[in-house]
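The values are calculated or read from the model by the stated rules, or taken from the named source; none is laboratory data. Note that the structure is predicted; figures quoted are calculated from it, not measured. Ideal geometry is used to build each Cβ from the backbone, glycine not excepted, and the neighbour counts take in all protein chains shown.
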Amino acid sequence: MSVYLHDVPLEQARRHFQDALSTAGLWGRLGSEEIALDEIAVGRILAGPVWAVQSSPHYHASAMDGFAVIAENTAGAMPTSPLTLIVGEEVQYVDTGDLLPAFANAVIPIEQTEALQKNGKMDSQLRAPHAIRIRAATPPWAHVRPMGEDIIASQLVLPAGHKIRPVDLGAIAAAGHTSIQASLKPRVAIIPTGTELAPIGKAVEPGDIIEFNSVVLAAQIMEWGGNPTRFPPVVDDFNMILQTTLEASRYHDLILINAGSSAGSEDYTASIVAEIGTLLVHGVAVRPGHPVILGLMPRNNPNSEEINSSVAIIGVPGYPVSAALTGEIFVKPLVARWQGSRPEEKPIAKATLARKIVSPAGDDDYVRVVAGRVGNDMIAAPLSRGAGVISSLVRSDGLVIIPRGTQGIPAGETVDIHLYRSPEQLENTIIAIGSHDMSLDLVAQFLANMGSRLVSSNIGSLGGLIALQRKEAHLAGLHLLDPQTGVYNLTYIKQYLSDEKIRLMGWVNRKQGLITRKENPKNIRSLQDLTRTEITFINRQRGAGTRILLDYQLQLLKIGAKTINGYDHEEYTHLAVAAAVSSGRADCGLGIAAAAQALGLDFIPLFDESYELAIPLRFINDGTMTPLLELSQNQEFRRLVALMPGYDITPMGKHIADLP
């Protein structure tokens, strides 16, 4: 038994797995089956080439409604010297697709003829006249589909490994086939493990985790052409997981054991694989997804007539992002290989990195990013790195892969994005970087319905100004109070964006206040209460407008930051502050009323503030901002924003100032 405990480089892990699969006869097509063309053949992979057994068309066919004719007999016909041809003797009527008569070698379209009676008068019976008059000569084989024009018998129609599309079915039928030989779909068992797992739809208690990894993995496998089976969750019990794995091996080619692949006291996957088969790799130097397990086991079905007696096993990490990326890195290429095809490659776009990425030198690092074109440059902004943040994959436009040996990438560097979305979608994207506001989620929803797209990165108001300064965003949401003047945003725009013409556009006025637990059990009423020793506060990050507002108000009240328990604990959005309070990590935090309502919390209003949008004038002039400007006047959108607690939409869309 070969055991690799930790940090096996990704390519080495792949090679080791491939060598073992090859030795076991599992590094090729698993088999094939015959499928009738009128069955669900779309999406299946051809197990062998399709050769034409007949031509298409298999006869000379008329390409038009008209009259079949010997082309040479039309010589001399001109507008000033028409030629008359007798129907039944010199020409014959044909419909589109009809067999071309043996005597003919061309077709004259019916609209290019004049129908005549025996006396030479015009005849209204276009399909059965005595004769026709033509005023132009016809070249040989005009308006004729010659035999084999589309497909010639014995030619290759489609190669082995081709993924069947709807149009392919027509070509296969035209070539004389009624069925195809399709690669067998790999059968993949998915076994979620964990005592804490709760099925989708069940009310969860603290400590419960909704089991959705198997749904994601099963959907991935179906998309890649496999046939998944989701097993019910198995509690953290060695023997129960072992027996479920043995049962799954009877009728599946690959087993995915989800969670339990690390080295904790209840992580049994490695021990189970080692006991019933061969543990090849335990731990791959890839991030996220480090505790991956690769192995083989004998099929637990001695009476089976299966093609292969071995089954592959992959221990999939339990964190959602790690699980999904493990599917892409290890499962996708294997499912493709077993069908005799290659995995579909993601398109790649080059982009400028908006913020630096710090990466562990020993791992291949898969970083999720959002992207869009800002001016002449494609910009990529990294998303949250947490392996449990499944929403980062939902928002992600693609992956930037940082190879091991590299300790990150500085801002401004050119990177390759392995795209989840089409390049066309990125071209039609508005990038907002700056302060978080919940109305931006509504903006994204409405713009999607309008055929545009908004992606946002919430790094605070000052971060948004810096992004505009670096030409990495189309707009920045701001609520920066100038303590000297009491005016929002103007002073900061002049300071940070003196070289760029900026339009400051009104958006919403908001209520800022203290978000507390439901019914405010600690009776928090004002900022002075933050100094009470039993109160735990959650703050916003440096550079956030809310943080600047807090510091200004604390200064007025002569309250020192060190007297506030939790002042140095930071979150990046209003909703994250509300979540911290809701979960019990903090008793309160400064934020907006809409965030408090969203999580069923109490809100003590304290301040009014202006949340505005700073937009480079060039993006207004070139039409990039047109969808957003139109949306600011959309009555349904305005109505929905106005319904959000603590929001006043009076300033929305108003021109405040052009700077400098």
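Name the residues in the range 61-91 that are in a strand (DSSP E or B) and surrounded by fewer than 17 Cβ atoms within 10 Å (Cβ to Cβ), would you?
We begin by selecting, within the range 61-91, every residue in a strand (DSSP E or B); these are 61-62, 66-69, 78, 81, 83-87, 91.
Matches in the range 61-91: Met78, Ser81, Thr84, Ile86.
Please count how many residues of the range 16-60 are of a type outside the set (D, E, K, R), in a helix (DSSP H, G or I) and free of Cβ contacts under 8 Å to residues at least 24 places away in the same chain. First the steps, then the outcome.
Filtering the range 16-60 down to residues of a type outside the set (D, E, K, R) leaves 16-18, 20-28, 30-32, 35-37, 40-43, 45-60.
Applying the additional criterion that residues be in a helix (DSSP H, G or I) yields 16-18, 20-23.
So of that shortlist, the ones also free of Cβ contacts under 8 Å to residues at least 24 places away in the same chain come out as 18, 22-23.
Qualifying residue count, the range 16-60: 3.
Among Ile241, Ile180, which is the only one that is outside any loop (DSSP other than H, G, I, E, B) and over 22 Å from Gly327 (Cα atoms)? Write out each step before concluding.
Numbers: Ile241 fails: over 22 Å from Gly327 (Cα atoms).
Selected residue: Ile180, the only one of Ile241, Ile180 that is outside any loop (DSSP other than H, G, I, E, B) and over 22 Å from Gly327 (Cα atoms).
Of these, Val394, Val367, which one is modelled with pLDDT of 90 or more and either β-branched (Val, Ile, Thr) or outside any strand (DSSP E or B) (or both)?
None of the other options fit; the residue is Val367.
Which of the residues that make up the range 345-375 are touching a residue at least 24 places away in the same chain (Cβ under 8 Å) and under 25 Å from Arg29 (Cα atoms)?
Quick first cut of the range 345-375, residues touching a residue at least 24 places away in the same chain (Cβ under 8 Å) only: 346-375.
Once the filter is applied, which keeps residues that are touching a residue at least 24 places away in the same chain (Cβ under 8 Å) and under 25 Å from Arg29 (Cα atoms), the range 345-375 yields only Lys346.
Just one of Leu419, Leu426 is touching a Pro at 6+ places or on another chain (Cβ under 7 Å) and closer than 20 Å to Val369 by Cβ; which is it?
Values: Leu426 fails: touching a Pro at 6+ places or on another chain (Cβ under 7 Å).
Result: Leu419 is the single residue among Leu419, Leu426 that is touching a Pro at 6+ places or on another chain (Cβ under 7 Å) and closer than 20 Å to Val369 by Cβ.
Sort through Pro129, Pro139, Pro109 and tell me the only one that's farther than 30 Å from Trp338 by Cα, in contact (Cβ under 8 Å) with a residue 60 or more places away in the chain and more than 45 Å from the chain's Cα centre (by Cα). Full working, then the answer.
Values: Pro129 fails: in contact (Cβ under 8 Å) with a residue 60 or more places away in the chain; Pro109 fails: in contact (Cβ under 8 Å) with a residue 60 or more places away in the chain.
So the residue among Pro129, Pro139, Pro109 that is farther than 30 Å from Trp338 by Cα, in contact (Cβ under 8 Å) with a residue 60 or more places away in the chain and more than 45 Å from the chain's Cα centre (by Cα) is Pro139.
Quick one: how many residues across the range 329-364 are of a type in the set (A, V, I, L, M, F, W, C) and assigned to a strand (DSSP E or B)?
Residues of the range 329-364 that are of a type in the set (A, V, I, L, M, F, W, C), as a first pass: 329-331, 334-336, 338, 348-349, 351, 353-354, 357-358, 361.
Applying the additional criterion that residues be assigned to a strand (DSSP E or B) yields 348-349, 351, 353, 357.
Here the count works out to 5.
Give all pairs with beta carbons closer than 6 Å in which a residue from the range 326-339 that is without any contact (Cβ under 8 Å) to a residue 24 or more places away in the chain and outside the structural domain of Asn213 (by TED's automatic domain parsing) meets a residue that is surrounded by 23 or more Cβ atoms within 10 Å (Cβ to Cβ) and among the small types (Gly, Ala, Ser); count only pairs at least 6 apart in sequence or on separate chains.
Hits for this filter: zero, empty list.
In the range 127-162, which residue that is aliphatic (A, V, I, L, M) and not in a strand (DSSP E or B) is nearest to Pro82 (Cα to Cα)? Steps first, answer last, please.
Taking the range 127-162 first, the residues aliphatic (A, V, I, L, M) are 128, 131-132, 134, 136-137, 142, 144, 147, 151-153, 156-158, 160.
Adding the requirement that they be not in a strand (DSSP E or B) leaves 128, 136-137, 142, 147, 152-153, 160.
On the way: Ala128: 20, Ala136: 7, Ala137: 9, Ala142: 19, Met147: 31, Ile152: 39, Ala153: 41, Ala160: 55 Å.
In this case the residue turns out to be Ala136.
Leu197 is checked against (1) under 28 Å from the mean Cα position of the chain (by Cα); (2) loosely packed, with under 13 Cβ neighbours inside 10 Å; (3) in the same structural domain as Leu296 (by TED's automatic domain parsing) and fails just one. What number does that condition carry?
(2)
Can you pull out every residue in the range 183-202 that is in a strand (DSSP E or B) and of a type in the set (Val, Ile, Thr)? Full working, then the answer.
Within the range 183-202, the subset in a strand (DSSP E or B) is 183, 187-193, 197-198.
Passing the criteria: Val188, Ile190, Ile191, Thr193.
Quick one: which residue in Leu613, Leu590 is outside any helix (DSSP H, G or I) and under 31 Å from the mean Cα position of the chain (by Cα)? Spell out the reasoning first.
On the way: Leu590 fails: under 31 Å from the mean Cα position of the chain (by Cα).
Only one candidate qualifies: Leu613.
Looking at the range 620-640, which of the residues that are loosely packed, with under 11 Cβ neighbours inside 10 Å and either closer than 26 Å to Lys501 by Cα or of a type in the set (A, V, I, L, M, F, W, C) (or both) is modelled with the lowest pLDDT? Break it down stepwise before answering.
Start the filter on the range 620-640 by keeping residues that are loosely packed, with under 11 Cβ neighbours inside 10 Å, which leaves 623, 633, 635-636, 639.
Within this subset, residues satisfying the condition of being either closer than 26 Å to Lys501 by Cα or of a type in the set (A, V, I, L, M, F, W, C) (or both) are 623, 633.
Details: Gly623: 92, Gln633: 95.
Ranking the qualifying residues of the range 620-640, first place goes to Gly623.
Among (1) under 12 Å from the mean Cα position of the chain (by Cα); (2) not in a loop (DSSP other than H, G, I, E, B), which single condition is Val415 missing?
Condition not satisfied by Val415: (1).
Take Leu490 and tell me if it is under 22 Å from Leu550 (Cβ atoms) and either free of Cβ contacts under 8 Å to residues at least 12 places away in the same chain or of a type in the set (A, V, I, L, M, F, W, C) (or both). Steps first, please.
On the way: under 22 Å from Leu550 (Cβ atoms): yes; either free of Cβ contacts under 8 Å to residues at least 12 places away in the same chain or of a type in the set (A, V, I, L, M, F, W, C) (or both): yes.
Criteria met by Leu490.
Evaluate the following for Tyr567: is it under 27 Å from Thr491 (Cα atoms), among the aromatic types (Phe, Trp, Tyr) and modelled with pLDDT under 95? Give the steps one after another, and end with the answer.
Working: under 27 Å from Thr491 (Cα atoms): yes; among the aromatic types (Phe, Trp, Tyr): yes; modelled with pLDDT under 95: no.
For Tyr567, the condition - under 27 Å from Thr491 (Cα atoms), among the aromatic types (Phe, Trp, Tyr) and modelled with pLDDT under 95 - is not met.
With Thr536, Thr624, Thr563 as the choices, which residue is closer than 23 Å to Gly477 by Cβ and of a type in the set (Val, Ile, Thr)? Before you say what the answer is, go through the steps one by one.
Details: Thr536 fails: closer than 23 Å to Gly477 by Cβ; Thr563 fails: closer than 23 Å to Gly477 by Cβ.
Answer to the selection: Thr624.
Which numbered condition in (1) out of contact with any Asp or Glu (no Cβ under 8 Å at 6 or more places or on another chain); (2) surrounded by fewer than 21 Cβ atoms within 10 Å (Cβ to Cβ); (3) within 24 Å of Asn509 (Cα to Cα); (4) among the hydrophobic types (A, V, I, L, M, F, W, C) is the only one that Ile559 fails?
It is condition (3) that Ile559 fails.
Output the number of residues of the range 459-480 satisfying the condition of being outside any helix (DSSP H, G or I) and either surrounded by fewer than 22 Cβ atoms within 10 Å (Cβ to Cβ) or not assigned by TED's automatic domain parsing to the domain that holds Leu629 (or both). Give the steps one after another, and end with the answer.
Going residue by residue through the range 459-480, those that are outside any helix (DSSP H, G or I) are 459-460, 470-480.
Retained after the next criterion (residues that are either surrounded by fewer than 22 Cβ atoms within 10 Å (Cβ to Cβ) or not assigned by TED's automatic domain parsing to the domain that holds Leu629 (or both)): 470-471.
So the count comes out to 2.
Select from the range 92-106 the residues that are without any contact (Cβ under 8 Å) to a residue 40 or more places away in the chain and not in a loop (DSSP other than H, G, I, E, B) and write down the one among them that is surrounded by the most Cβ atoms within 10 Å (Cβ to Cβ).
This residue is Val94.
Report, by residue number, each residue of the range 506-565 that is within 14 Å of Val581 (Cα to Cα) and of a type in the set (Lys, Arg).
Residues satisfying the conditions are Arg517, Lys518, Lys522, Arg540.
Residues Val235, Val273, Val215: which one is crowded, with 18+ Cβ neighbours inside 10 Å, of a type in the set (Val, Ile, Thr) and in the same structural domain as Val316 (by TED's automatic domain parsing)? Walk me through how you get there before you give the answer.
Details: Val235 fails: crowded, with 18+ Cβ neighbours inside 10 Å; Val215 fails: crowded, with 18+ Cβ neighbours inside 10 Å.
From the options Val235, Val273, Val215, the qualifying one is Val273.
Tell me which residues, restricted to the range 164-179, are surrounded by fewer than 17 Cβ atoms within 10 Å (Cβ to Cβ) and either within 31 Å of the chain's Cα centre (by Cα) or not assigned by TED's automatic domain parsing to the domain that holds Arg44 (or both).
Selection gives Arg165, Pro166, Val167, Leu169, Gly170.
State the number of residues belonging to the range 513-555 that are free of Cβ contacts under 8 Å to residues at least 24 places away in the same chain and either part of a strand (DSSP E or B) or not assigned by TED's automatic domain parsing to the domain that holds Val487 (or both).
0
List the residue pairs whose Cβ atoms are under 6 Å apart, where the first residue sits in the range 282-297 and is closer than 17 Å to Leu393 by Cβ, the second is outside any loop (DSSP other than H, G, I, E, B) and polar (S, T, N, Q), and the two are 6 or more positions apart or on different chains.
Pro288/Ser322; Gly289/Ser322; Gly289/Thr326
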